[in-house]
1. How far is it, in nm, from the label point at Arg200 to the one at Glu139 when both lie 7 Å from their Cα along the line to the Cβ?
2. Subtracting the Cα-Cα distance from 0.36 nm times the residue separation, let me have the gained length for Thr120 to Gln208 in nm, one decimal.
3. Can you give the FRET efficiency for Asp178 and Ala235, using 1/(1 + (r/R0)^6), R0 = 22 Å, r = Cβ-Cβ distance, to the nearest 0.05?
4. Roughly speaking, what is the stretch gain from Asp193 to Thr165, that is 0.36 nm per residue apart minus the C-alpha to C-alpha distance, in nm to one decimal?
5. With a ≥ b ≥ c the root eigenvalues of the C-alpha gyration tensor of the stretch 88-141, is it rounded (a/c under 1.5), prolate (a/b larger than b/c) or oblate?
6. For Ala155 and Thr129, calculate 0.36 nm times their separation in residues minus their Cα-Cα distance, and state this gained length in nm to one decimal.
7. Label-point separation (nm) for Gln75 and Glu146, each offset 7 Å from Cα along Cα-to-Cβ?
8. Sorted from fewest to most neighbouring beta carbons within 10 Å, what does the list Ser61, Ser221 look like?
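Each reported figure results from applying straightforward, stated rules to the coordinates on display, with no laboratory input. None of these values were measured; they are calculated from a predicted model. Don't worry about glycine lacking a Cβ; one is built from the backbone with ideal geometry, like all the others, and counts go over all protein chains shown.
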Amino acid sequence: MGAHTQRGFTIIETMLVLAITGLLVAGVFVGIGTSINVQRYRDSVQTLKSVIQTQYSEITSVLNDRNNQWSCDGQAATSDQGGVERGQTDCVLLGRLVTINQSDITVYSVVGRQTGSAVTTNDITSLTTNYVLNVSTVEVVNDSLEWGAAIAWPASGTGSRTQTTPREIALLFIRSPDSGQIYTFSSDQAPDDPTPQTLRAMIVAGNQVPGQGEQTICVTSNDLLVTDDYSIRIASFASVPNAVETLTNDLLRQQGATAPQC
C-alpha cells in the first residue's frame, strides 16, 4: 500500500492570505469613509445654500406672530415688554440679516420705522433717507455649519485672501416698503451686535461690496478629506432664490483666470 501525503497551507501562505484580505477590507472601509465624508460636506454646503435662499421667502410671506406686548421705539429697537395694541406699531418687518462667522450662523429679523417722507428717485435712496432699520433682538436664530465645515476666502482670483484669514460675511435682505422689490446687500464684516448704523452702511447701490456686488463664499471641508471644495455664489443685484447657486472649482475655472477659486 503506497503512502499518501496530504498538503495544507503553510504559515507563510496563511499569513499572505490574511494580509491581502486585511488590505482589501481596509480599502473598502477607507472608500466608505471617504464617501461618507464627501456626502457630509455636500450636505453642509446645501444647508448653507438653503439658509440663504430661505430668506427670500421669509420676507415675501411675512408671518406676524407677535402679541400686543411688543413695542418699537424711534430707532426701530424692539422689545417684548410694554407694547401697544397688536397691529398699531409704527415699525414694520422689512427683511432679514444673516451673519456668518466661519461656521457660526446668526439670523435676525430686520425692522424698519419711517422717519421721513422725502420724495426720492429710487427704493434704495428712500430706504436710506426715510427709514431707520434695526434688528429684532428678541427674534434671533443661532445655528452652525455641520460636520466641521466653515466659510473661507477664495484662494485665488477675485476676492482672494490668505487662506489663514478667517472669513465672515453679512447678508442683508430687504423688501422695499415703497415698491415691494427685494434687494440683497452684503458686507465682508459680520457684526456681533448689529446696529442701525451697521445696516445703513450695507445699503449701497451698485455692483460693489458693501452693496449689491456678487459674493463667492467658499466652503472649506477642513478635516473631511474632500479634494474639491464647493462655493456658494450670490449674483450681483440678487432678488430671488435662483440668484444663489452652488459651484465647483471646475465651473469657476471655466469662467476665466480672474474668477475666484476655492
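1. 2.3
2. 29.5 nm
3. Working: r = 23 Å, r/R0 = 1.06.
FRET efficiency, Asp178 to Ala235: 0.40.
4. Full-extension gain reported as 7.9 nm.
5. Working: a/c = 4.12, a/b = 1.80, b/c = 2.28.
Oblate, since a/c reaches 1.5 and b/c is not below a/b.
6. Values: separation 26, 0.36 × 26 = 9.36 nm, distance 3.84 nm.
Contour length minus the Cα-Cα distance gives 5.5 nm.
7. 3.9
8. Numbers: Ser61 7, Ser221 23.
Lowest to highest Cβ neighbour count: Ser61, Ser221.
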